1. Checking the condition surrounded by 23 or more Cβ atoms within 10 Å (Cβ to Cβ), of a type in the set (Phe, Trp, Tyr) and under 19 Å from the mean Cα position of the chain (by Cα), which residue from 309, 345 passes?
2. Filter region 351-373 down to residues that are assigned to a loop (DSSP other than H, G, I, E, B) and either touching a helix residue (DSSP H, G or I) at 6+ places or on another chain (Cβ under 8 Å) or assigned by TED's automatic domain parsing to the domain that holds residue 211 (or both) and give me whichever is surrounded by the most Cβ atoms within 10 Å (Cβ to Cβ).
3. Inside region 379-393, can you point out the residues that are touching a residue at least 60 places away in the same chain (Cβ under 8 Å) and part of a helix (DSSP H, G or I)?
4. Which residue out of 232, 225, 247 is in the same structural domain as residue 455 (by TED's automatic domain parsing) and free of Cβ contacts under 8 Å to residues at least 40 places away in the same chain?
5. Could you please let me know if residue 168 is among the β-branched types (Val, Ile, Thr), surrounded by 20 or more Cβ atoms within 10 Å (Cβ to Cβ) and over 13 Å from residue 354 (Cα atoms)?
6. Identify, from the list 396, 402, 376, the residue that is without any contact (Cβ under 8 Å) to a residue 60 or more places away in the chain and not in a helix (DSSP H, G or I).
7. Quick check: anything in region 388-395 among the β-branched types (Val, Ile, Thr), buried (at least 18 other Cβ atoms within 10 Å of the Cβ) and in the same structural domain as residue 242 (by TED's automatic domain parsing)?
8. Quick test of your reading of the structure: residue 161 fulfils all but one of (1) touching a strand residue (DSSP E or B) at 6+ places or on another chain (Cβ under 7 Å); (2) of a type in the set (A, V, I, L, M); (3) within 18 Å of residue 349 (Cα to Cα). Name the failing condition by number.
Amino acid sequence: MNRKWFALALSAVMVSGLAACGGSAAPAASTAPAAESTKTESTAAESTAAVESAAPESEVTVEGTTSTLNIYCWNEEFKTRLEDHYPGYEKIDATHGKIGDVAVSFNITPNTDNAYQNNLDTTLLNMDSAPADSKIDMFLVEADYALKYVDTEYTMNVKDLGITDEDISKQYKYTQDIVTDSNGNLKGLSWQGCPGVLIYSRDVAKDVFGTDDPEAVQEYVKDWDTFAATADTLKEKGYQVMSSVNDSYRVFSNNVSGKWVQDGKIVVDPSIVNWVEDSKALVDKEETGTHALWSDDWNKGFYPDGKVFCYFGPAWMIDFSMAADTEGSIANAGGWAATVGPQGFFWGGTWICAAKDTDNADLIKDIMLKLTTDDEIMTDIVKQDNDFVNNKPVMEAMAQDETYGDAVLGGQNALAMFCEGADKIDLSNLSSYDQGCNEEFQNAMKNYFEGGMSYEEALDLFYKAVVEKYPELTY
């Protein structure tokens, strides 16, 4: 679907609702390659499931049900959490289940080529004319584009579901800030927090530094100058410091001093410029690549033959995205470890939103409360899935639990550093333009890193791409 058309259509449909909350329609989402999107599906099985779910839903009769809870998402993560941790959930098949007398139907569309948002947008725009049991009841969003949906009437205020401030008092505040609209209404909840760390190969560390101890390794990556010097040392031993320049991008972009757009003008922050300078130096020395995240070349570092020292990522990446279930991978052998790295950052996260006019508000409320506030369930998510959950007391207790360890990290309990990072996350520079600006900047700078353009030419390419996406902006 044409993104400009969607932006205009969304504005037209939502004039009254947006006027009431003092906002304006957020920019339509980017159609940039999903290589820059978080937790993008790459396996054949997920792609097949996504294609099937994009087609008209199959007729699945669930005996004894009186209504259907329709959930839109882009991968299996939330479905797995619901199946494994929500009391009373009965799985029927890959995309259907049952909770009491309510049938559950998952519509799973991958992020590839913006397909998930396009599918969601089309369905939301047709909600008024859709039959009750075909309407979206619940949908998932990511941090990069959450504001696009949060600042509209299509998402319900969680207080209208009956969820109180006391109910969610244990959550990390930043997870609520991301899904708070321009009028101060909280429009979604997440079961996870996503502070990031530096994830390094134990074998490479032992070969190059003589130790894989996290505290000792931290001294080799404690700031960006030290990180660059360590990259030189790693190269001498035949290793790349990272798989791609894009691995460190989130660390720099999360530490900016201002928003991408200020008074309608695109502003490249000094921290982003630092990323360009540091990355260019690493590429010129052949100490990292320019691969797109989630690409086959990027994934090679998940295996010993890839000769990659580290990646940057949050808890979900460690167990969800580094081939932990694949024999021969570093993760499968418990060969990674975590340390703080040069700077703190966060990356991604998944938020549960209730769609307007849902006929399953009570069930959505209970799902939100169970999966994002229940201490016992959230502790189980940590232990079973190695996720960092959105419950500060639970995470602080698990960080001190000597019986807990992540098998991918060789049994290391890295939760204390995640807890420290979560407390420092600052979202004051988050904006509705982040997804498009971040993706287009990385796309443009690839030309500079590889020698096809000067920095000035790549920067001009970036500006033009963003203005094409968001015509109201200048530079």
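The values are calculated or read from the model by the stated rules, or taken from the named source; none is laboratory data. Model, not experiment: these values are computed from the prediction. Glycine also receives a Cβ, built like all others from the backbone with ideal geometry; neighbour counts cover every protein chain displayed.
1. 345 is the lone residue from the list that is surrounded by 23 or more Cβ atoms within 10 Å (Cβ to Cβ), of a type in the set (Phe, Trp, Tyr) and under 19 Å from the mean Cα position of the chain (by Cα).
2. Filtering first and then ranking leaves 358.
3. 380, 381, 384, 385, 392, 393
4. 225
5. Considered against the rule, which asks whether it is among the β-branched types (Val, Ile, Thr), surrounded by 20 or more Cβ atoms within 10 Å (Cβ to Cβ) and over 13 Å from residue 354 (Cα atoms), residue 168 comes out as yes.
6. 402
7. Scanning region 388-395 turns up no residue that is among the β-branched types (Val, Ile, Thr), buried (at least 18 other Cβ atoms within 10 Å of the Cβ) and in the same structural domain as residue 242 (by TED's automatic domain parsing).
8. The one condition residue 161 does not meet is (3).
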